[in-house]
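Please treat every number below as a calculation from the coordinates, not as lab data. Everything numeric in this text was worked out from a predicted model, so none of it was measured. Reconstructed Cβ throughout: ideal geometry from the backbone, glycine too, with neighbour counts over all protein chains shown.
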Amino acid sequence: MIKPINLIFSLFLFFSLGLKSQDSFFSIDIPGTIYTGSWGSSPAQKKVIEDLLTQVQDEGRSQMAKIEVSDFLQGSADTSAFAGSFLGTDHNNKFKKFLVGGNLAVSYKGKGLTPFDLVGGGFDESSVEGLAAGASLMAGININKRSSILLNGMKLKFIDGNFSLDSINLGARWRYSFLNLNSKKKENPLFSWQGYFLHFGVQYSKLALDYSKKLEIVQNINQSGVNAIANFSSLAKVDIDVNTISVPVELSTSFKALYFLNLYGGGGMNFNFGSSEGNANLSNASIQVTEVSGPNTATTTAQARLGSKESPSVIVPHLFIGLQINVLNFKILTQYNLSIGNGSQNIGAGLRLSF
């Protein structure tokens, strides 16, 4: 099974350097080529080397044209907001004083994908249109019998070789409980309705990924007495930054069974703002041209860049369902969120301790 952190890295690698970009270029400094041997003194041979470098430039531009990040960036903006909206919520627990805990969420967007595909890793990466993940600690304070305030926040950083992952989540919720028909009755130990919860708040989510990707081009030419091969190999620095602010409004209800189980569900609307930006750059990357059997060489440099910026969907309605297991004051839960008309899905898990 693919580890979750490795899955996130591999998907970001695939999408940020496997599709197409709206803003990209690849340019070789052909006039600035430095020659050694007879190539520089023979106009005919120099023209052959220039043609070879033009082939390398055309291939570089072709590769850059295949690097499309815009669709994936918008999908990641959507999923980042969707994941963040789960991190600060609690749909089950009525606490007298305060509540502490934490949430973990992985949100994704893609045709035909299910939560089992994401967990198992057995799917085609090209089917994923967006991906985000986040974690957050949370604390709840009871205001009165019906109102409570929930705060959440966490900063994570992960470094593995050329990879760096930063995640920040901060948010606040106001939760109001109403229409609990059992509030003045003795709770049925087998099955009881816990009433409705209305949630309103704001959530900020940031996901940043930096890494290096090796780009390689090899071209050869054999004409006019010149038999040469050109090699281009360089590391492109890639960074992806997703920043979203989500304003979730949700209505949920919960049912308690056998004291230790809570089944809950509901729906709501996320109002999203922010951006998702991806960039890759390389500068003064060296290109070497060597004679197949001879002393002649030519050297020059290349510049390349790709970039795209997208925004999340402004309004995303969604439904959710979850299950919580209660052991005295300790709770463990899992939740599935499904957006309506957007394609984003979210798998979340959390721990709670209430007093």
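Can you tell me the relative contact order of region 4-354? Whole percent, Cα pairs under 8 Å, sequence separation 6 or more.
Dividing the mean separation by the residue count of region 4-354 yields 21 percent.
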Taking the C-alpha atoms of the chain, convex hull volume expressed per residue in Å³: 138 Å³
Given the DSSP H assignment, sum -39500 (n - 2.57) over each helix run of at least 4 residues in the chain and divide by its residue total; what's the result at 222 nm in deg cm²/dmol, nearest 500? -5500 deg cm²/dmol
Using only the alpha-carbon atoms, how far is helix 4-16 inclined from the longest principal axis of the chain? Give it as 0 to 90 degrees, nearest 10. 50 degrees
At 0.36 nm per residue, and after removing the present C-alpha to C-alpha distance, how many nm does the segment from A139 to T54 gain when stretched out fully? 24.5 nm
Taking every alpha carbon pair in region 181-274, what does the distance histogram look like in 10 angstrom bins from 0, in percent? 12, 19, 16, 14, 12, 10, 8, 5, 3, 1
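How high is the FRET efficiency from F25 to Y196, r the C-beta distance, R0 35 Å, rounded to 0.05?
E between F25 and Y196, to the nearest 0.05, is 0.05.
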Could you tell me which of A230, F86, Q55 has its Cα farthest along the dipole of the chain towards the positive end, charges placed at Cβ (Lys, Arg +1; Asp, Glu -1), taken about the Cα centre? F86
So for each of 148-156, 345-353 I average, over its residues, the number of other beta carbons within 10 Å; can you give me the resulting order with the highest mean first? 345-353, 148-156
Would you work out the relative contact order for region 241-313, in percent, from Cα pairs under 8 angstrom that are 6 or more residues apart? 31 percent
Projected label distance in nm at N329 and T253, using a 7 Å step from Cα toward the beta-carbon: 3.1 nm
Assigning unit charges at the beta carbon (Lys, Arg +1; Asp, Glu -1) and nothing else, what dipole magnitude in debye, to the nearest 20, does region 4-354 show about its Cα centre? 2320 debye
Compute the angle between helix 43-65 and the longest alpha-carbon principal axis of the chain, please, reported from 0 to 90 degrees and rounded to the nearest 10. 10 degrees
Among K237/K309; K109/K145; K157/K309; K97/K155; K111/K237; K206/K256, the pairs whose Cα-Cα distance exceeds 28 Å are K109/K145; K111/K237; K206/K256
Once both axes come from the Cα atoms, what is the angle between helix 70-87 and the longest principal axis of the chain, in degrees from 0 to 90, rounded to 10? 30 degrees
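May I ask you to derive the FRET efficiency for R146 and Y336 from their Cβ-Cβ distance with R0 = 22 Å, giving the value to the nearest 0.05?
Step by step, r from the Cβ atoms, then E = 0.20.
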Nearest 0.05, what FRET efficiency do Q223 and N281 give at R0 = 30 Å with Cβ-Cβ as r? 0.30
Could you order peptides 170-178, 85-93 by the average number of other Cβ atoms within 10 Å of their residues, highest first? 85-93, 170-178
